[in-house]
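Bear in mind that the values in this text are calculations on the coordinates, not laboratory data. Just so we're clear, the structure is a prediction, and the values are computed from it rather than from any experiment. Please note: Cβ atoms are built from the backbone with ideal geometry, for glycine as well, and neighbour counts cover all protein chains shown.
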Amino acid sequence: MSIRKAVKLAASPFGGRLGPGGRSSNSGITATVFGGYGFIGRYFINELGSCGSRVYVPFRGCELEVRHLKPMFDLGQLGLLPFSSRDEQSIIDSLKNSDVVINMIGKHYETKHLVPTRRSDGTLSRVNYGFDEVHVTIPETLARLSKEAGVKCFMHVSAMSADSQSSSLWSQSKAKGEEAVRKHFPEAIIVRPATVFGPEDRFLNWIAELNSRLPFFPLLDGGAGLVQPVYAVDVAKALMQILNAYKEFEGKTFQLAGPAEYSYKEVIEFVSDVTGVKKPLIDVPPALAVTTGRILEQTIAPFWTTDMVAQLREDNVLRVDEELLTFKDLDMQPSSIDKEAFDFLHRFRPGGHFTLVKGYH
C-alpha cells in the first residue's frame, strides 16, 4: 500500500495511527522495553510489533541474544541498543526518544562469577547482580531517568508474590522495587503476574525436565503450596491493553493470574499425565531442601536455590484487595494450563507424542 493510500485511523494515546493496522502500519507508539528479550518480554514485544510500533530494546551481552525479535517488526521499526544498567548515559540514550518505558528486567537467581571480584565499595564478592540491584536499584534508576526525560508512561513488571514480609529475598526485593519506582514516578503502572507458564517457561518445563531425570519427584510440605499460573501470551496482551489506555490506569497496580488455583502437587501430577512420565512423589524435609540449595546455588546457573525453597512454601494466588485490578478490568479471560500446556510439554513424552497414534508408524 502506498503512503498516499494509507488510512489514518483513530488517534492512539501517543499520537495518530497511520495505516490499516498490522506490522507495516504506524501505531503511534514509540517505546523502550528493558528486558524485552526475556521470556515474557518476547511476547509483549511481538504485540508491539504486530500493530506497527517503533520499539527500542536495550540489551547487554551478545547481540545474538536479541535476534529472535527481528522478525516481529517491519524494517526500521526495531532498535537494538547495547547498554549497561550501571551506566546512566546508556540508559538515557535508550529512552530519550520514547513516549513510554516498560521495565521487564528480572532474575530468578543472583548471578555469580567463578571467583570473587572487587565491588565498587572495595569488598570482594562472587555475586555479580544480586536481587536488590536487579529488582530495586535498576527499576529505581529507570523510573528516575524516565521522569527526568519527560516520558509519558512508565510500566513496571513486578511479581504477584511481591511482599516485604515474605521469607523469600526474591519476593522482598520485588516489593521494594515497586516502592522505589513509585517514589520517582508516582503515575507508574505496576503489573504483577502470577507464576507464568509458556513454551520457554521455568515452571512446567522445569517440572517436566526434573521428572524425566530423577528417580522420584521431590515435594515440599507435601506439595500443598498454592499457585495460580498465568499464560505468557495473556500477560503480553494485557500489557498491550494497559498501554493503550494508560491514562485510565495511571498509578494503578494489576495482578494477573490464571483462571484456577492448583496445589504444586496437582501441577506435578498434571505434567506427569501430559508427558506420560510417572515417578513417585516423595516429601522432602525443608532442611534437606535448603542444604541442597546452598550447595547448588554456588554454581553459575543454579536450577535450585535456598530462595526457591522459600518461594515454593508460600502461596502465590490472587490477593483479595479492591484496589488491585485484574484481567476482569481489561475484559479478558485468561487461558488455563490444561488448554495450552500440551503444545510444549509433549516433547517430554518418551518416543514423542506420535507413538500414541495407532498406525502412524
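So who's got an amide H within less than 5 Å of the one on L80, skipping anything under 5 residues away but keeping other chains? H placed 1.01 Å off N, in plane.
Excluding prolines and chain starts, which carry no amide H, the hits are V57.
Taking R0 as 22 Å, what FRET efficiency do you get between R67 and E209 from their Cβ-Cβ distance, rounded to the nearest 0.05?
Using R0 = 22 Å, I get an efficiency of 0.30.
Can you give the longest run of the chain that contains no chymotrypsin sites (Phe, Trp or Tyr not before Pro) sitting in a DSSP loop with at most 16 other Cβ atoms inside 10 Å? All intermediate terms of the calculation are to be shown ahead of the outcome.
On the way: sites that count: F216, F303, Y360.
Between exposed loop sites, the widest span is 1-215.
In units of 2.2 N^0.38 Å, what is the alpha-carbon radius of gyration of the range 238-361? Before the final figure, lay out each step's value.
Values: Rg = 19.8 Å, N = 124, 2.2 N^0.38 = 13.7 Å.
In units of the 2.2 N^0.38 Å rule of thumb, it is 1.44.
Pop a pseudo-label 7 angstrom from the Cα along the beta-carbon direction at both T292 and K183 and give the gap in nm to one decimal.
Simple spin-label model gives 3.8 nm for this pair.
Report the antiparallel proportion of the DSSP beta bridges in the chain as a percent, rounded to a multiple of 5. Spell out each step's value before the answer.
Numbers: 8 of 39 bridges.
Just about 20 percent of them are antiparallel.
Under a 5 Å amide H to amide H cut-off, with H placed in plane at 1.01 Å, what residues pair with F197 once short-range neighbours are removed?
So F197 has HN proximity to V230, Y231, A232.
So how tilted is helix 138-149 from the main axis of the chain? Cα-based, degrees 0 to 90, rounded to 10.
Tilt of helix 138-149: around 10 degrees.
Just the number: Rg to Rh for the range 142-200, Cα atoms, Kirkwood Rh, two decimals.
Numbers: Rg = 12.9 Å, Rh = 12.3 Å.
Rg/Rh for the range 142-200 comes to 1.05.
Expressed as a whole number of Å, what is the distance separating the alpha-carbon centroids of the range 247-283 and the range 83-127?
30 Å
Quick check: convex hull over the Cα atoms of the range 125-171, volume per residue in Å³, rounded to an integer?
Working: hull volume 4.3 nm³, N = 47.
Normalising the Cα hull of the range 125-171 by residue number yields 92 Å³.
Just the projected area, averaged over all directions, of the convex hull on the alpha carbon atoms of the chain: how many nm²? Before the final figure, lay out each step's value.
Numbers: hull surface 85.6 nm².
Value for the chain: 21.4 nm².
What's the extension gain from E266 to E314 if we count 0.36 nm per residue and subtract their Cα-Cα distance?
Details: separation 48, 0.36 × 48 = 17.28 nm, distance 1.56 nm.
Stretched fully, the E266-E314 segment lengthens by 15.7 nm.
Pulled fully out, how much extra length does the chain show between V284 and K107, if you take 0.36 nm times their separation in residues and subtract their Cα-Cα distance? Could you put the intermediate results ahead of the total?
Working: separation 177, 0.36 × 177 = 63.72 nm, distance 2.59 nm.
Once the chain is fully extended between V284 and K107, it gains 61.1 nm.
Between V277 and D321, what is the spin-label point distance in nm, taking each point 7 Å from the Cα along the Cα→C-beta axis?
Once both label points are built, they end up 3.7 nm from each other.
So how strong a dipole does the chain carry about its Cα centre when Lys and Arg Cβ are +1 and Asp and Glu Cβ are -1, to the nearest 20 debye?
Details: 41 positive and 42 negative charges, 247 e Å.
Roughly 1180 debye for the chain.
Could you give me the ³J(HN,Hα) list for the range 31-38, computed from phi with Karplus coefficients 6.51, -1.76, 1.60 and θ = phi - 60°, whole Hz, x at Gly and Pro?
Residue by residue, the range 31-38 yields 10, 10, 10, 7, x, x, 9, x Hz.
Place a point 7 Å from the Cα of D132 along the Cα-to-Cβ direction; which residues of the range 155-199 have their backbone N under 19 Å from it?
Inside the label zone: 162-184.
Taking the range 29-188 as the region of interest, what is the percent of Cα-Cα pairs per 5 angstrom bin, listed from the shortest bin to the one with the maximum distance?
Going out from 0 Å in 5 Å bins, the range 29-188 shows 2, 9, 17, 21, 20, 16, 10, 4, 2, 0 percent.
Cα convex hull of the range 267-309: how many Å³ per residue? It would help to have the intermediate numbers written out before the result.
Values: hull volume 4.1 nm³, N = 43.
It is 95 Å³ per residue.
At 7 Å along the Cα-to-beta-carbon direction for both K147 and T117, put a label point, then send me their distance in nm to one decimal.
Result for the modelled spin labels: 3.1 nm.
Just list whichever of K279/K328; K70/K247; K112/K176; K147/K174 have alpha carbons separated by over 28 Å in the model shown. Could the numbers behind the result be given before it?
Details: K279/K328 38 Å; K70/K247 30 Å; K112/K176 22 Å; K147/K174 21 Å.
As for pairs spanning more than 28 Å Cα to Cα, those are K279/K328; K70/K247.
Going from the alpha-carbon gyration tensor of the range 219-262, what semi-axes, largest first and in whole Å, does one get by taking the root of 5 times each eigenvalue? Could you put the intermediate results ahead of the total?
On the way: eigenvalues 177, 27, 9 Å².
For the range 219-262, the semi-axes come out at 30, 12, 7 Å.
Search the structure for amide H atoms under 5 Å from the amide H of V127, placed 1.01 Å from N in the peptide plane, and list their residues when 5 or more places away or on another chain.
Amide H neighbours of V127: H113.
For the chain, set up a Gaussian network in which alpha carbons nearer than 10 Å are linked by springs, and say which option among S125, S171, S272 fluctuates the most.
Sorting by GNM fluctuation, first place goes to S125.
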